[in-house]
Amino acid sequence: VLDLVEAGVLRHRVGETFEGVIVDLNDKDEKRGTVTVQDPAVEARVTGEAALPLGTDVHVTLAQADVASRAVSFTLAHG
């Protein structure tokens, strides 16, 4: 249910940039992980072009907020 709520809250904000922290890395691919965004409070998948900086404050761009599939994902913002 939480994923559905997060997708619903963010569905009109795809393309926007948010402040977050990388809280987990994928064991097989350090370009993939989990980001926690404080405002709005969400935790979701994140991808980058290089290894993600675990435990670091970052800017992420909302890439997907699909209510039907309950999917929310971000990409690491450039610059």
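All of the numbers you see were taken from the coordinates with simple rules; none came from a lab. This one's a predicted model, so the numbers in the text were calculated from it and none came from an experiment. Here the Cβ is made from the backbone with ideal geometry for all residues, glycine too, and neighbour counts use every protein chain on show.
In the chain, a dipole from Cβ-located charges (positive for Lys and Arg, negative for Asp and Glu) runs towards its positive end, and of Leu54, Gln64, Val37 it is Gln64 whose Cα lies farthest in that direction.
The P(r) of the chain has a tail past 14 Å containing 54 percent of all C-alpha pairs.
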